[in-house]
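All remarks here apply to the structure that follows.
The values are calculated or read from the model by the stated rules, or taken from the named source; none is laboratory data. As the structure is a prediction and not an experimental result, all values here were calculated from the model. We place every Cβ from the backbone using ideal geometry, glycine too, and count neighbours over all the protein chains shown. Just the protein is used for accessible areas: all its heavy atoms, side chains included, with ligands, DNA and RNA removed. Shrake-Rupley method; radii C 1.70, N 1.55, O 1.52, S 1.80 Å.
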Amino acid sequence: LQGYCIQPINSQDALPTKQVNCIFQDKEGYVWFGTAEGLCRYDGYSLKTYKSSYLTPNVLNGNIVNCITEDNRGRLWIGTTLGLTVFDKRSGSFRQIDYPPLCNNFVNTLFYSGKDQLWIGTENGLFLYNEWENTFRVFLTDAKDQTTISGNRVRAICEATDGNLWIGVWSNGLC
C-alpha cells in the first residue's frame, strides 16, 4: 500500500463493532459504514451511529447492515439481514419498506439505476422497486426457463455503460 495514507478513526469515535460489511460515500461527501451493529456516518471528524434498540425500535429493520446506496433525491437505501430501510438524510427519518417478500429477507446488494429504479439482490431472488408507482417485480430462477436469472442468491449488481445489468449469483455465475 505504498503511496497511500492509512489512518484509523480516532478511538473516541470508535465504530460500534469491528465488523464492517460495506462502505459508501454519499453525494455530500459523508462516508457511511454498514456494520454488524448499525449504520455509521463519518464526517471526517466524528462518527454518528444509527441503530434500532428498545429505545429506538424503528430506525433499522435489522442492525446488521450489508449494503448502502443513494437515490437521486439524496436518500440512503439500506439493506440489512432483515429487509430494506430508506433514510431521508434531510429529515433524519427512517422508513422500513413493508413488502412481504422483502421483510425478513437477507438483502445482499443494492443498485439504484438512473431510471429511478432500485434493484435489490437478496438470498431469495432479485427485486425491482419502482417508487413512483410503488410496485415491485420479482425475478426468480426457474430451471425450466433459460430466460430467468441463474440463481436466487443474488450477491452483486452492476450496470454497464450500455445500460445492461450484470447480476452476480452465488454459485451460479453471472446473468
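Annotations for the structure displayed:
- Residues of the stretch 66-111 satisfying the condition of being closer than 22 Å to Lys27 by Cβ, at pLDDT below 95 and touching a Leu at 6+ places or on another chain (Cβ under 7 Å): Ile97
- Put simply, of Tyr4, Tyr50 the only residue that is surrounded by 15 or more Cβ atoms within 10 Å (Cβ to Cβ) and of a type outside the set (Val, Ile, Thr) is Tyr50.
- Residue list for the stretch 32-47, filter: more than 22 Å from Gly83 (Cα to Cα) and either of a type in the set (A, V, I, L, M, F, W, C) or surrounded by fewer than 17 Cβ atoms within 10 Å (Cβ to Cβ) (or both): Asp43, Gly44, Tyr45, Ser46, Leu47
- Just so you know, in the stretch 31-62 the residues that are part of a loop (DSSP other than H, G, I, E, B) and in contact with a Ser or Thr (Cβ under 6 Å, 6 or more places away or on another chain) include one that is nearest to Asp98 (Cα to Cα), and it is Asn61.
- In this structure, Lys27 qualifies as outside any strand (DSSP E or B), within 28 Å of Gly114 (Cβ to Cβ), open to solvent by 60 Å² or more (accessible area, probe 1.4 Å) and out of contact with any Ser or Thr (no Cβ under 7 Å at 6 or more places or on another chain).
- Selection of the stretch 113-150 for residues being open to solvent by less than 40 Å² (accessible area, probe 1.4 Å) and at positive phi yields only Gly125.
- Taking the numbered list (1) of a type outside the set (A, V, I, L, M); (2) open to solvent by 30 Å² or more (accessible area, probe 1.4 Å); (3) within 12 Å of the chain's Cα centre (by Cα); (4) under 25 Å from Trp132 (Cα atoms) in turn, Phe87 passes all entries but (2).
- Selection of the stretch 82-103 for residues being touching a strand residue (DSSP E or B) at 6+ places or on another chain (Cβ under 7 Å) and part of a loop (DSSP other than H, G, I, E, B) yields Lys89, Ile97, Tyr99, Pro101, Leu102, Cys103.
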